[in-house]
Structures are given as structure tokens and as C-alpha cells.
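Written out below as C-alpha cells is the structure these notes cover.
The values are calculated or read from the model by the stated rules, or taken from the named source; none is laboratory data. Everything quoted here is computed from the prediction, not taken from an experiment. Positions of Cβ are generated from backbone atoms using ideal geometry, with glycine treated the same way; all protein chains shown enter the neighbour counts. Surface areas here come from the heavy atoms of the whole protein model, side chains and all, with no ligands, DNA or RNA. Shrake-Rupley method; radii C 1.70, N 1.55, O 1.52, S 1.80 Å.
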Amino acid sequence: MVMKYKFPETGNKPVDDLGRQYEKIVKTWNRGSIATRYRYADAGARFVKWVQPAFKMQKLANMGDKHLIAYAQHLKNQGLSDKYIKNELSALRYIHSQIPHTRHELSDSKKINTAAGLGSTPNHKAKNLDQTWTKKELDRFCAYARENGRADLARMAEVTYHTGCRLEEVSTLRRHEVEKALRTNVLHLTNTKGGRPRSVPLSDESRRLLEASIHDVPRGAYVFVPEEVPVHSYIQGAKDYVYRNREEFQDPSRVGDPSRTELHWHGLRHSYAQNTYSELRDQGYEDQEARREVSERLGHSREQITTVYLK
């Protein structure tokens, strides 16, 4: 699939000149999934807006270790997590590999991470850590988002918590899909990971939330994503919002807890899995029956994956 990408201009001529150079590079990309490429493109745009004023960079082919290290330190000073910063650096490595005739070869990631003062980021899935949001954390997030002009993220988080949608699924819901779900009491998802459609039964609360979400949405439009915002940018923005602000709403005891992760958007899906399992058991489902039902609602073919959600 061809990349359709336009650098978001800033009005600063030197930055926008470098941005247009970057835009041409992005349009040549053909390696990796399209979703990954768009995510990397957004990360690269953030870097361009920073690196040009900071280093007066005129050619992206001049990118080197010092730029990545300084950028990582800049992000760290903003209070962003080491995991988030490493993801940004991974995007820059990909970008560097796609630029012809680069001036410098980048050092290995371990050397750059150490120089930037980034610590280790354990693989939460491997250790099977608890990633769920508590209801109090969800409520605090929604209150914070609404107070700061992001009622859209508050509504989307509540829908995710009560339906188990992936971020990519909930952000691409259109009004007619929600209207059909309200008529049938089942949310049918087609824009799913791996392209496997699935159906999620609606609870009274998820019905209420979905009904409220489409109140002012035009026919044919996305329920949560504004028409002028690219979906891939909106998705990354939702993730970033949680990373940047989670100290405002997460339980402070999470920090340093070896059994739990700090909050991230995907954890809302874990909350749905655990809450649904508990409800099914209360309704009389046997353990394996409940696990199988949760697995189907999450869209996983292997129950071993569901076990991670049910930590």
C-alpha cells in the first residue's frame, strides 16, 4: 500500500523545509505494516519539529547518535516514560534506514539508551503483569480528560472499558455501526486485528455509552475521530495522552509495583476481560466456559492469550 502522507506544517520556514524533505522520504516507504509505517511517520514528524530548531538541521541524511540521544533526553525532561521514548527512537531508526546516502551509521540501541539515561523496560506480557485499570482510575481519567477539553477521549475510554475494543477498533467505529449495535444489542466489529470479524454483546452500560456517543455525530462519520484528523494520528495521540498525563489519574502505588504496570490505553481491554469473566462466573459459567466466552469477545483464537488478560 502506497503511503499517503503530508507533513503538518508549522509556519516556521526552516522546519517546514525539512518537513517537506521528510514527506518525500516517507512516501517511498514500503517495509512493515501500513499501521506501523504511519505510526513511525508521526514519530518522525515530532522529531523534525524538534531537531531543526535544536540543531539547525538542513538534511535528514545528517541524522546521527547525538541527535537521537539529545531528543531522548528532551522527551525524558518532559516526563515521558522510558518505554515511550524507546518507541520513538525505534521509529527514528526505521526512518534512518530508509534515507539514502546517510552521513552517519547509528550505534546499537543499547548504547544510545544508556547514553540517554534510559532504564530497562521489562516485557510486561512475558512477566504476565496486571495491566488493568480500576474503576476509580477510569473515573479519574475521564474527569481529567473532560476538564482539559478531551471529552472525546473520556467517552472512548468508557466505551473501551465496557466493550473490550482495541484502540484501533473503537476509534474507527462509525455512526451506522453503532446504530445497528443499538438495534441488535450486539456490536459487530470488522476492522479487527487479523481481519477476523467478531461480535460483542452489549450491556446496559455499554448501550447507554454508545447511545450518548452518537448524539451529535453526522451520518457516515466516525463516532470519536474528528473528520479533519487522520485516524492513525488520533490513535497515537490517545496513547500519548495517557503516557503524558497518567500521574494525574493512576493509583500512585502502581509505580514500582513488581506485579502491575503503569497505566496505558490497552489496559482498558484487560479490565473488560477480567470484569466480563467475573460476571460470567457469577451467572453460573464454569471456568473454562467463561474463559472461552471471554476469548471470543476479545477476538483471540488461543485461550493462552486470554490467560494474560485474566492475570
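When region 137-193 is examined, which residues are found to be of a type in the set (Val, Ile, Thr) and not in a helix (DSSP H, G or I)? Even if it seems obvious, please write down each step before you answer.
Taking region 137-193 and keeping what is of a type in the set (Val, Ile, Thr), we get 159-160, 163, 170, 172, 178, 184, 186, 190, 192.
Listed by number, the residues that qualify are THR172, VAL186, THR190, THR192.
For region 194-207, what are the residues that are in a helix (DSSP H, G or I) and either of a type in the set (Asp, Glu) or surrounded by 14 or more Cβ atoms within 10 Å (Cβ to Cβ) (or both)?
Filtering region 194-207 down to residues in a helix (DSSP H, G or I) leaves 194-195, 204-207.
Listed by number, the residues that qualify are ASP204, GLU205, SER206, ARG207.
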Taking only pairs six or more apart or across chains, which ones have beta-carbon atoms under 7 Å, a first residue in region 37-51 that is basic (Lys, Arg), and a second residue that is open to solvent by 10 Å² or more (accessible area, probe 1.4 Å)? ARG39/HIS232; ARG39/GLN236; LYS49/THR10
Return the pair list, or none, for Cβ contacts closer than 8 Å from residues in region 266-295 that are outside any helix (DSSP H, G or I) to residues that are of a type in the set (A, V, I, L, M) and open to solvent by less than 50 Å² (accessible area, probe 1.4 Å), at least 6 apart or on different chains. HIS266/LEU167
All but one of (1) open to solvent by 20 Å² or more (accessible area, probe 1.4 Å); (2) within 16 Å of SER233 (Cβ to Cβ); (3) in contact with a helix residue (DSSP H, G or I) (Cβ under 9 Å, 6 or more places away or on another chain) hold for GLN21, so report the exception by its number. (2)
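Taking ALA143, is it closer than 21 Å to ASN275 by Cβ and in contact with a Lys or Arg (Cβ under 8 Å, 6 or more places away or on another chain)? Lay out the reasoning, then the answer.
Numbers: closer than 21 Å to ASN275 by Cβ: yes; in contact with a Lys or Arg (Cβ under 8 Å, 6 or more places away or on another chain): no.
Here the answer is no, as ALA143 does not meet what is asked.
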Tell me the residue from THR172, THR190 that is in contact with a helix residue (DSSP H, G or I) (Cβ under 9 Å, 6 or more places away or on another chain), crowded, with 19+ Cβ neighbours inside 10 Å and β-branched (Val, Ile, Thr), please. THR172
